[in-house]
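Everything on this sheet refers to the single structure shown next.
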Amino acid sequence: FALASVDLSLETKQAFEKNKQAEARTNAYKFKIAMAKKAQDELGATAQEALNAADISLDPKINKQVVSVEGQAGILGGIISKLGGK
């Protein structure tokens, strides 16, 4: 048995890190979906309500907002107004 120090290239280290991050995102997604399904089953929440609750539970800094655009201007007018800062 020989113990040796192996130094991987920067590209290899970056590839390993990307893989770890992808696995973490996949696991987080699966956990979020499981939380949402539980909220639907136990609380009778809609799919969107359940996903919103899961998002906020996982990261309290998340801020969800609903924007309603009504009137003659409609959606296009609302977008133009928002982009124009009015």
Please indicate, with yes or no, whether at least one residue in region 50-70 is at pLDDT below 70 and surrounded by 10 or more Cβ atoms within 10 Å (Cβ to Cβ). yes
If I ask for residues that are at pLDDT 90 or above and aliphatic (A, V, I, L, M), which ones from region 1-23 would you list? L10, A15, A22
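So, of the residues in region 35-49 that are surrounded by 13 or more Cβ atoms within 10 Å (Cβ to Cβ) and among the aliphatic types (A, V, I, L, M), which turns out to be farthest from the chain's Cα centre (by Cα)?
First pass over region 35-49, keeping only residues surrounded by 13 or more Cβ atoms within 10 Å (Cβ to Cβ): 35-40, 45, 49.
Retained after the next criterion (residues that are among the aliphatic types (A, V, I, L, M)): 35-36, 39, 45.
Values: M35: 13, A36: 13, A39: 17, A45: 19 Å.
Of everything passing the filter in region 35-49, A45 is farthest from the chain's Cα centre (by Cα).
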With the structure loaded, tell me whether T26 is part of a helix (DSSP H, G or I), of a type in the set (S, T, N, Q), closer than 21 Å to S57 by Cα and at pLDDT 90 or above or whether it fails that test. yes
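I'm trying to understand the selection: among the residues of region 24-34, which are open to solvent by 100 Å² or more (accessible area, probe 1.4 Å) and without any contact (Cβ under 8 Å) to a residue 24 or more places away in the chain?
To start, the set of residues in region 24-34 that are open to solvent by 100 Å² or more (accessible area, probe 1.4 Å) comprises 25, 29-31.
Across region 24-34, the qualifying residues are R25, Y29, K30.
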Residue hits (region 1-16; under 25 Å from the mean Cα position of the chain (by Cα) and open to solvent by 80 Å² or more (accessible area, probe 1.4 Å)) are Q14, F16
Kindly list the number of the only condition in (1) open to solvent by less than 100 Å² (accessible area, probe 1.4 Å); (2) assigned to a helix (DSSP H, G or I); (3) modelled with pLDDT of 80 or more that fails for I79. (3)
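The values are calculated or read from the model by the stated rules, or taken from the named source; none is laboratory data. Everything numeric in this text was worked out from a predicted model, so none of it was measured. Every residue, glycine as well, gets a Cβ built from its backbone with ideal geometry; the counts of neighbours run over all protein chains shown. Surface accessibility is based on the protein's heavy atoms, side chains included, excluding ligands, DNA and RNA. Shrake-Rupley method; radii C 1.70, N 1.55, O 1.52, S 1.80 Å.
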